[in-house]
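The values are calculated or read from the model by the stated rules, or taken from the named source; none is laboratory data. A quick note: this is a predicted structure, and the numbers were derived from the prediction, not measured. Cβ placement follows ideal geometry from the backbone for every residue including glycine, while neighbour counts extend to all protein chains displayed. Only protein heavy atoms, including side chains, enter the accessible area calculation; ligands, DNA and RNA are left aside. Shrake-Rupley method; radii C 1.70, N 1.55, O 1.52, S 1.80 Å.
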Amino acid sequence: MTVTVTADMVMSLDGYIAGTDHSVADPAGHGADRIGGWIHAQSSWRERTGLNGGAADQDSDIMREWFESTGAVVMGRLMYDSGVDFWGDNPPFRTPVFVLTNRPAPTLVKEGGTSFTFVTDGIHSALDQAKAVSAGRHVDIAGGAHTVQQYLRARLVDELQLHVIPVLFGAGLRLFDNLGLGSHDLEPIRVVDTPGATHLKYRILR
């Protein structure tokens, strides 16, 4: 069974996924609360984290689609370290998560079906492990930028979805730096324009 590998990212119009001075303590960086704020305002996100309310609109539906189509997740250690306390005992993923790291640790099992497995032998190993437990659903390369760049550079991503929010950062952490030599040709799958974001979904052609 072929498993689709996706990357799904929120970014500013000028291509940043975090502002300046981003860190474990402040993963969005200075002035970039629009990134996290856009996600956390959606009712589909809030439902997954045990909260009420939020926007029940097309933006939320697209995020719900991500949740329902994803069977496993790969992320970098910085994303894990900056998010684990915020996600709490019942993280929103509800799937196995594989964390790229150089610091081995036992698998951490959370409520709701989420587990964090720490992978020390590279991006291919993490992806293979994620595919093996995805039950035929997508494997999503969740971030951060360095992790997505590694998978794009290795040409291991099949589909790319960008949620472009109407703001200009001017500086910060760019998603599409460090992709190496050679072009990445894209085939548009879908464009959805809402007041909150423009959602661009592409198939990556090899």
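Structure data summary
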{"item": "Translational D in µm²/s for the chain (Stokes-Einstein at 37 °C, 0.692 mPa s, Kirkwood Rh from C-alpha pairs)", "result": "190 µm²/s"}
{"item": "Share of Cα-Cα pairs in region 38-89 lying beyond 15 Å, as whole percent", "result": "55 percent"}
{"item": "Part-to-part distance (alpha-carbon centres) for region 35-88 and region 105-169, which is given in Å", "result": "14 Å"}
{"item": "Solvent-accessible surface (1.4 angstrom probe) belonging to Val97, in square angstrom, nearest 10", "result": "0 Å²"}
{"item": "Surrounding net charge for Gly196, when Lys and Arg each add one and Asp and Glu each subtract one, Cβ distance under 9 Å", "result": "-2"}
{"item": "Whole-number D in µm² s⁻¹ for region 107-206, Kirkwood Cα-pair radius fed into Stokes-Einstein, 10 °C, 1.306 mPa s", "result": "101 µm²/s"}
{"item": "Distance in nm between pseudo-label sites at Asn178 and Asp14 (7 Å out along the Cβ direction from Cα)", "result": "2.1 nm"}
{"item": "Cα centre as origin, Lys/Arg/Asp/Glu Cβ charges: region 68-117 dipole, Debye", "result": "180 debye"}
{"item": "Label-to-label distance, nm, for residues given as Arg34 and His146 (7 Å Cα→Cβ offset)", "result": "2.6 nm"}
{"item": "Of all DSSP beta bridges in the chain, antiparallel share, percent nearest 5", "result": "45 percent"}
{"item": "FRET E, pair Asp81, Arg155, Förster distance 22 Å, beta-carbon r, rounded to 0.05", "result": "0.20"}
{"item": "Sorted peptide list for 100-113, 65-78, criterion being average Cβ within 10 angstrom, highest first", "result": "65-78, 100-113"}
{"item": "Net charge, Met63 excluded, C-beta distance under 11 Å - Lys, Arg +1, Asp, Glu -1", "result": "-4"}
{"item": "Derived scalar couplings ³J(HN,Hα) [region 61-77; Karplus, 6.51 cos²θ - 1.76 cosθ + 1.60; whole Hz; x for Gly, Pro]", "result": "5, 5, 5, 4, 4, 4, 4, 6, 8, 9, x, 6, 10, 10, 9, x, 5"}
